[in-house]
Amino acid sequence: MRLLKKMAVVSFLIISAWKVQADNSNTRIQLHLLDCGTINVKDISLFSPGGDEGFSKTLANSCYLIVHPKGNLLWDTGLSDQLVKQKNGVLVADGMFHLQVKRTLASQLADLGLAATDIDYVAISHFHFDHTGNMAQFKNAKFLVQEPELAAAFSDQARAMHFDPNDYKSIEKRQFVGVSGEYDVFADERLRLIPTHGHTPGHQSLLVNLSETGAVILSGDLYHFEKNMRHKRVPAINTDKAQTLVSMNNIDALLKEVEGQLWIQHDLETFKSLKKSPDYYQ
Ligand SMILES: [Zn+2]
């Protein structure tokens, strides 16, 4: 009798373990890295005060698609696809930035068999123009944005903060979902929005929990390139330096906790080293 009981307990444990595994396999997700242009910065010390004065540097401009069983989520929308028509790129901000788009975001989604209307969620790290360029393409999407960022985007201060309201003024108000603090997008700990305020009022990062690769944090513009991360340099274009430094420390702690890796979206060397869509991480 006792033996039978033991056997029942053991088989229950085996079935439970199998169930957990089965549930995990149901939420297998894919992370695609998309090329949303490049930005050549004439004087990179703008992003690293105290260092590299007078040196130019090319930054990648990365966007990401996460394919989840419950929906497709795009993280940032990059520079406008319209820029593809300017074969030699364009100079903006008194020649400080040279912007170039060689492949449109739309064409990279099309390579995956997706139209803009197939995107269910668009989460925006922050509203600087190099992250919002194609927002209006996504007519069916819910836009997941931290509340302070939404307030700033629709305030009189938007342009002074280097936001471009032309990118999002045509989007219907009901499409915006204001988020306060951490937010588990599909309530399964696969995609977590992490508040990293400071660079802008409601800047956020995205923790992607992949089955094989492990945890990856997409850091928005918490850092612009690897060297800035090492030296914890806060760019000149920044809303709140003290808050930014707190966010940097919070992400350091989170990286340790989840044993994850940080992908700096503007870091060209990181971009070059990673698999590009249609390939993906899972
Ligand atoms: Zn940026």
Does region 243-254 include one or more residues that are under 30 Å from residue 93 (Cα atoms), part of a loop (DSSP other than H, G, I, E, B), without any contact (Cβ under 8 Å) to a residue 60 or more places away in the chain and away from the ligand (no atom under 16 Å from the Cβ)? no
Looking only at region 118-140, and only at residues there that are open to solvent by 10 Å² or more (accessible area, probe 1.4 Å) and over 17 Å from residue 101 (Cβ atoms), the one that is nearest to the ligand (Cβ to nearest atom): 121
Residues satisfying the stated conditions in region 137-147, i.e. under 17 Å from the mean Cα position of the chain (by Cα) and either part of a helix (DSSP H, G or I) or at positive phi (or both): 147
Of the criteria (1) within 16 Å of the ligand (Cβ to nearest atom); (2) in a strand (DSSP E or B), which one residue 201 fails: (2)
In the list 188, 184, 240, 252, which residue meets the criterion of being open to solvent by 20 Å² or more (accessible area, probe 1.4 Å) and touching a Gly at 6+ places or on another chain (Cβ under 6 Å)? 240
Name the residue, out of 210, 150, 206, 193, that is in contact (Cβ under 8 Å) with a residue 24 or more places away in the chain, under 30 Å from residue 56 (Cα atoms) and hydrophobic (A, V, I, L, M, F, W, C). 206
Every residue from region 211-241 that is small (Gly, Ala, Ser) and at pLDDT 95 or above: 211, 214, 215, 219, 220
What are the pairs, 6+ residues apart or on separate chains, where a residue within region 214-228 that is closer than 12 Å to residue 270 by Cα and within 10 Å of the ligand (Cβ to nearest atom) has its Cβ under 7 Å from a residue that is in a strand (DSSP E or B) and not aromatic (Phe, Trp, Tyr)? 224/59
In region 48-84, which residues are open to solvent by 20 Å² or more (accessible area, probe 1.4 Å) and in a loop (DSSP other than H, G, I, E, B)? 49, 50, 52, 53, 54, 55, 56, 69, 70, 80
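The values are calculated or read from the model by the stated rules, or taken from the named source; none is laboratory data. Only a predicted model underlies this, so the values are computations on that prediction, with no experimental measurement involved. Here Cβ is always computed from backbone atoms with ideal geometry, including for glycine, and neighbour counts include all displayed protein chains. Each accessible area value is taken on the protein alone, full model and side chains, heavy atoms only, with ligands, DNA and RNA left out. Shrake-Rupley method; radii C 1.70, N 1.55, O 1.52, S 1.80 Å.
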